[in-house]
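These notes concern the structure reproduced below.
Each reported figure results from applying straightforward, stated rules to the coordinates on display, with no laboratory input. Everything quoted here is computed from the prediction, not taken from an experiment. Glycine also receives a Cβ, built like all others from the backbone with ideal geometry; neighbour counts cover every protein chain displayed.
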DNA sequence: CGAGCCCTTGACCACCCGGTCAAGGGTTTC
DNA sequence: GAAACCCTTGACCGGGTGGTCAAGGGCTCG
C-alpha cells in the first residue's frame, strides 16, 4: 500500500524507478504482456519490492494514468495563464497539449489501452470530463463575447481534443517529430472550426 | 487454419457466431481478460471448435480488426460516390464515418486497444494510412480547385479523423446517442478548419 | 549498542491461460 | 452402404500469472 507508508529518500527513488520502468515497458509491450516479473527483473530487484510499493499491478497503472492526466492539465493551465482572449487561451492550450504529448509519448499508448478496460476507462472518463470542461469554458466565453458563432461548447471542446490527440498519435507514436507544420495545422483546424458557423456548408452544395 | 478450409453452411454459421460473440466480449471485457474458454463457453461449444476455425486468439482479433476497417472504408466510399465537389465528398465521408461508428460501437474500443500492442497496431497503421490517403486526396482536390487555402493535406485529413473519432468515442462508447447537434459540430469543425487559412489567428492576438 | 522500522529477497502458491489432440458423431458424396 | 470429410468434444499440457510471505539485511534512531 503506497497510501500511508512513509518512504525514505531511498524508498522514493526505488519507487520512481519502478514507475518509470513500468511506464516504458507498458508502452512498448502493452499492459498485459508486461508481467510484474518483467518489471522487477528489468529494474533488478526481487518481486517483493514491487508489492512493497504498490498494492497491485492495476493500481500502478492507474497511478501512472492519473498522474499523467494531472500533469497535462497543470501544463495546460500554466501555459494559458497570462492570456485573456478566450481564443488565444484555446490556442495556447492546444500548443501546450502538443508539446506535452511530444515529451510524454509513451503515455499516448497507455491512454489508448486504458479505454479498452472498464476499470481503467472510468478513470480516463473522469479526467476527460474535466479536460473537456476546461476547454468548453473558453469556447463558451468566446461565444458569449461574440468572437465565434454559437454552438455546442462541449462538442466543440471534444473536437479540439480529437484534433490534437490524433495528430499527436500519428506523428509521435512511431517516433516522428512534431514539426511546426503539424502544430500549425492543429491550430488552423481548431480555430477555423470554431470560427465557422454551421451554415457555411450551404455555400458548398 | 481458416485459410484454405472449405466450410459448409453450418460451418460458416458457427464461425460467424464465434466472431460475433468474441467481438462483443472483447469490447465489453477487454481482449486479454477475455479467454478463449470464455468465448467457447459463451457460445456453448467445446474448445476445439475455436481452434478449428481460427489459428489463434490473436488471429481472430486481427480478422475482426481488418474486416472492420475494410467495411468502414467501403461504407465511406459508397456514401460519397455521387458527389463531385471535394468538400461535399469530405462532408459525406464524415457523416458516413459517424453513422458507421454508431452502428459498430464495439469496434471503437477494439481499435483503441489495438493501438497498444505492436502486432495489432501495425495492422491499424496500414489501415490508417489508406484512410488518411482517401481523405487527403479530396483535401488536395479542394486546395487545387481553390476552394480552401493551401496546407498539409495529410495533416488536415488526420485532423478530420481526429474530430470524427473523438466525437464518436465520447458519445457512443457509453451508449449515448449520436444526435444531430454532434454531427453538425463535426461538420462545422472540419469544414471550418479547412476553410481557414493559418493566418486567421493573426486577427485574434 | 540495540530496538525498530524500511526495504529486500526469492521460493512458493493457486490458478488459469492459449493451445493440442485422440477420439468420435454427423453429413455429404459416390 | 461405405468412404471421406466436416465438425465437435473435453481432458490434458507446459508454462506463466499476479500475488504472498517468512526471513533477514541494513539504516536510523534513542
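For chain A, take the longest principal axis of its alpha carbons; what is the angle in degrees between that and the long axis of helix A:118-144, to the nearest 10 within 0 to 90?
Result, in degrees: 30.
May I ask you to derive the relative contact order of chain A, considering only C-alpha pairs under 8 Å and at least 6 residues apart, and to give it as an integer percent?
It rounds to 19 percent for chain A.
Name all residues of the stretch A:115-140 having a backbone nitrogen under 15 Å from the label point set 7 Å from the Cα of residue A:58 along its Cα→Cβ direction, giving them as ranges.
Within reach of a label on residue A:58: A:115-124.
Projected area of the stretch B:15-163, taken from the Cα convex hull and averaged over every viewing direction, in nm²?
That works out to 9.4 nm².
Contact order normalised by length for the stretch B:89-183, with contacts defined as Cα pairs under 8 Å and 6 or more residues apart; what percent is it?
That works out to 37 percent.
Between the helical axis of B:57-79 and the dominant principal axis of chain B, each derived from Cα atoms, what acute angle in degrees is found, rounded to the nearest 10?
40 degrees
Give me a single rounded figure for B:163-175: the average over its residues of other chain Cβ atoms within 10 Å of their Cβ.
Other-chain Cβ atoms within 10 Å of each residue's Cβ, averaged: 4.
For the stretch B:19-89 and the stretch B:134-165, what is the centre-to-centre distance using only Cα atoms, to the nearest Å?
Between the Cα centre of the stretch B:19-89 and that of the stretch B:134-165, the gap is 29 Å.
Bin all alpha-carbon pair distances of the protein assembly as shown at 10 Å intervals from 0 and give each bin's fraction as a whole percent.
Computed distribution, short to long bins: 4, 21, 29, 24, 14, 6, 1.
Put a point 7 Å out from Cα along the line to Cβ at residue A:122; what are the distances to that point in the other copies, in nm, shortest first?
Ordered by increasing distance: 3.7 nm.
Rule-of-thumb check for the stretch A:112-168: C-alpha Rg over 2.2 N^0.38 Å?
Compared with the compact-globule rule of thumb, the stretch A:112-168 sits at 1.31.
For the stretch A:53-116, go through all pairs of different Cα atoms, get the mean of 1/r, take its inverse, and jot down that Kirkwood value in Å.
Evaluated over the stretch A:53-116, this radius sits at 13.0 Å.
Starting from a label point 7 Å past Cα on the Cβ side, list the distances from residue B:59 to the same position in the other copies, nm, shortest first.
So the label point of residue B:59 gives 4.1 nm to the other copies.
I want to check the label-to-label distance for residue A:125 and residue A:179. Put each point 7 Å from Cα in the C-beta direction and report it in nm to one decimal.
Computed distance between label sites residue A:125 and residue A:179 equals 4.1 nm.
Taking beta carbons within 10 Å but only from partner chains, what does the mean come to for residues A:16-26?
For peptide A:16-26, the averaged partner shielding equals 0.
Run the label-point distances for residue B:37 please: 7 Å along Cα to Cβ, every other copy, nanometres, shortest first.
1.9
Expressed in whole Å with the largest first, what are the equivalent ellipsoid semi-axes of the stretch B:1-88 derived from the C-alpha gyration tensor as the square root of 5 times each eigenvalue?
Values for the stretch B:1-88, descending: 32, 16, 11 Å.
Using Cα atoms only, what is the angle between the long axis of helix A:153-172 and the major principal axis of chain A, expressed in degrees (0 to 90) to the nearest 10?
Helix A:153-172 sits roughly 60 degrees off the main axis of chain A.
How large is the helix-only mean residue ellipticity at 222 nm for the protein assembly as shown, computed as the sum of -39500 (n - 2.57) over DSSP H runs with n ≥ 4, divided by its residue count, in deg cm²/dmol to the nearest 500?
-24500 deg cm²/dmol
Taking the beta-carbon count within 10 Å as an exposure proxy, list A:108, A:98 from fewest neighbours to most.
A:108, A:98
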